[in-house]
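Please treat every number below as a calculation from the coordinates, not as lab data. No experiment lies behind these values; they were computed from the predicted model shown. With ideal geometry, Cβ positions are generated from the backbone for all residues, glycine too; neighbour counts draw on all protein chains shown.
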């Protein structure tokens, strides 16, 4: 069945909410408005306003409320209209959700999903266009997922909803309308398992979320130039499936990482360090990263284009790594 | 007035008082480290308020949390062991003074980001309402938390969604060293902050355990029945510094001011009431002192004899396991 990324998320939540009455959806405009990006279309009609809860614009308040509800045995799904606004809820996420279990010596836990779009859309400027996944990956006690395809989005969101730890689930505005095949019937995808999205022998390209689509199209282009690229999608950013990435690198000997976030302390820096530690002797060339530029996102179209990784930059990086010995 | 009841309230306050005094001693001996915020002077609120609850109601608080834990019935040995950082502590030594949790007693924790636990309290109350349980959640915080944004977001949600949560604001006059009148616009009527959200609110004498309990009984019954929030501003005073890092009075208040407030001491007041109504004798109080002294000594012994967590415990409980 071919569905959009948006519809895949909708199906995942709908199936899980039908299965378990402890699950509720809370966030700005999730109910009668049908979701700021229409991910929860039809939910308030099916599940009622008791389980599909519109909130005032108070991210710290409603995220904290959801964490408290999770402590008392419910399974909230918090929709952040975008992860930019999640910054307002960082105290709740970092100091409460992530640490409750540890601080209490294992007595408390916060089984909830905090989901919504991250990264840039089109010309939304600095405060609405940023990739903050590295912030969440930095914090012990959180799991972080950033799926790229409708199939992965559905299977991973279902797993996230069934998870007993807090999960940060990062979507992308520019992925919502993308379409793809999703599995028939009931399925889940385990958290912490990467997938090889395209097999190849010459170089490993690691990319996640929206950047996966860029990596795949770059790989197609490169194949015409005789470079056979393997594309690995971590899907889960924490815990990272290093084994799958390392196996690929052991085969190809070369690695380029594509990420939309800022370069300094970005996720690619962590992946590179992990690969250097685990597979240094297998590398034929230094690892290169293609990242967003180290600037707040500009509004003007040519400037925005220059700030985000594109196919030309990915291809140039791949060719440069393939050229060096 | 019932003799056994009053002596029991006195005993509960005395346990907190002596436990805290001993904790201060242990801090001076470096048996306890980090931040240690003492509750001495405010005992009537924890004891009076929690006496009005059922065992399955939820309780959550800020970081000055030993009193609630003890008043809720936690084992003093496990509390002291937590302060000592031992594996036998309530939280296996991982929480410490500011993060006590006792889940079987529904004490959902002490939290150390001022105002940050108030949204959690609304969440506990949201959950019990969602689950159609007739439970209430009591959330303790100091007046210093009231101006915080998270408190206001939580008050708004609690009022908007009619959540069965009782906000107990312990107004001890100072947020660390800053007096309320330099921190809170409505300092003369902190309860008014909650009223502005349509939450019913009252100010009470937090130094009088009987007044606290009788008001809490009314409030708990009302919140349980009506499933809507309530805000109590309990006027109180902390005798010690903000934490053990401070002297008892410091630059921000005078020794005379502290002495003046000690005259309203909640333990002394209750003792006077008991004696004046011939419901107890000096001998009863001596006996209580001996009993509590034994409890606290045993708690120290338990803590001291307990092992520290080992290196293998470091990575446990980062994530919950199925």
Legend entry - Share of pairwise Cα separations in chain B, more than 34 Å, in percent: 21 percent
Inset, instruction - Could you pull the Cα extents of the stretch A:106-256 along its three principal axes, largest to smallest, in whole Å? - result: 54, 37, 35
Legend entry - Other protein chain Cβ atoms within 10 Å, averaged over every residue that makes up B:83-92: 2
Legend entry - Highest-MSF residue in chain B out of B:120, B:268, B:135 [GNM, Cα springs under 10 Å]: B:268
Legend entry - Semi-axis lengths, Å, the stretch B:136-236, gyration tensor of Cα atoms, sqrt of 5 times eigenvalues: 21, 17, 10
Inset, instruction - Take the Cα radius of gyration of the stretch B:176-322 and divide it by 2.2 N^0.38 Å, with N its residue count; two decimals is plenty. - result: 1.46
Inset, instruction - List the equivalent ellipsoid semi-axes of the stretch B:57-153 in whole Å, largest first, each obtained as the square root of 5λ for an eigenvalue λ of the Cα gyration tensor. - result: 23, 17, 10
Inset, instruction - Stick to Cα atoms and the Kirkwood definition of Rh, then tell me Rg/Rh for the stretch A:187-250. - result: 0.99
Legend entry - Exposure proxy order (Cβ contacts within 10 Å, fewest to most) of B:170, A:304, A:79, B:305: B:305, A:304, B:170, A:79
Inset, instruction - Taking the Cα atoms of the stretch A:103-151, report the difference between the largest and smallest coordinate on each principal axis, in whole Å and largest first. - result: 46, 28, 14
Legend entry - Reciprocal mean inverse distance between Cα atoms of the stretch B:1-41 - Kirkwood radius, Å: 11.5 Å
Legend entry - Projected area, mean over directions - the stretch A:2-181, Cα convex hull, nm²: 9.3 nm²
Inset, instruction - Give me the percent of DSSP beta bridges within the stretch B:164-322 that run antiparallel, rounded to the nearest 5. - result: 15 percent
Inset, instruction - Quick one: work out the % antiparallel among DSSP beta bridges in the stretch A:195-323, nearest 5. - result: 20 percent
Inset, instruction - Only bridges with both residues in the stretch A:2-181 count here: give the DSSP antiparallel percent, nearest 5. - result: 15 percent
Inset, instruction - For peptide B:99-106, compute the average count of partner chain beta-carbon atoms within 10 Å of each residue's beta-carbon. - result: 3
Legend entry - Gyration tensor (alpha-carbon) shape descriptor, the stretch A:80-162, a/c threshold 1.5: oblate
Inset, instruction - Consider just the alpha-carbon atoms of the stretch A:189-325 and return their Rg together with their Dmax, both in angstrom. - result: 14.2, 44
Inset, instruction - Name the residue, out of B:30, B:194, B:183, whose mean-square fluctuation peaks in a Gaussian network model built on chain B with Cα pairs under 10 Å. - result: B:30
Inset, instruction - Provide B:306, B:276, A:104 in ascending order of the number of other Cβ atoms located within 10 Å of each residue's Cβ, fewest first. - result: B:276, B:306, A:104
Legend entry - Relative packing of B:224-231, A:279-286, which averages over residues the other C-beta atoms within 10 Å, highest first: B:224-231, A:279-286
Legend entry - Anisotropy class of the stretch A:264-325 from Cα gyration tensor, a/c 1.5 cut: oblate
Inset, instruction - With r as the distance between the Cβ atoms of residue A:284 and residue A:174 and R0 = 25 Å, compute the FRET efficiency 1/(1 + (r/R0)^6) and round to 0.05. - result: 0.15
Legend entry - Between the stretch A:1-33 and the stretch B:254-285, the alpha-carbon center distance in angstrom: 59 Å
Legend entry - FRET E, pair residue A:220, residue A:57, Förster distance 41 Å, beta-carbon r, rounded to 0.05: 0.45
Legend entry - Relative packing of peptides A:48-60, A:82-94 - highest average C-beta neighbours within 10 Å first: A:82-94, A:48-60
Inset, instruction - Report the percentage of all Cα-Cα pairs in the protein assembly as shown whose separation exceeds 33 Å, rounded to a whole percent. - result: 52 percent
Inset, instruction - Measure off 7 Å from each Cα along the Cα-to-Cβ vector at residue A:122 and residue B:275, then give the distance between these two points in nanometres to one decimal. - result: 8.3 nm
Legend entry - Distance (nanometres) between label positions extended 7 Å along Cα→Cβ at residue B:318 and residue A:324: 3.1 nm
Inset, instruction - Take chain B, connect every pair of alpha-carbon atoms lying under 10 Å apart with a spring to form a Gaussian network, then pick out the residue of B:133, B:38, B:15 with the largest mean-square fluctuation. - result: B:133
Inset, instruction - Work out the mean other chain Cβ neighbour count within 10 Å for the residues of B:137-144 and drop it here as an integer. - result: 0
Inset, instruction - On each of the three principal axes of the Cα atoms of chain A, give max minus min coordinate, whole Å, ordered largest first. - result: 60, 44, 41
Inset, instruction - Classify the stretch B:1-108 as rounded, prolate or oblate, taking a ≥ b ≥ c as the square roots of the eigenvalues of its Cα gyration tensor: rounded when a/c is under 1.5, otherwise prolate if a/b is larger than b/c and oblate if not. - result: oblate
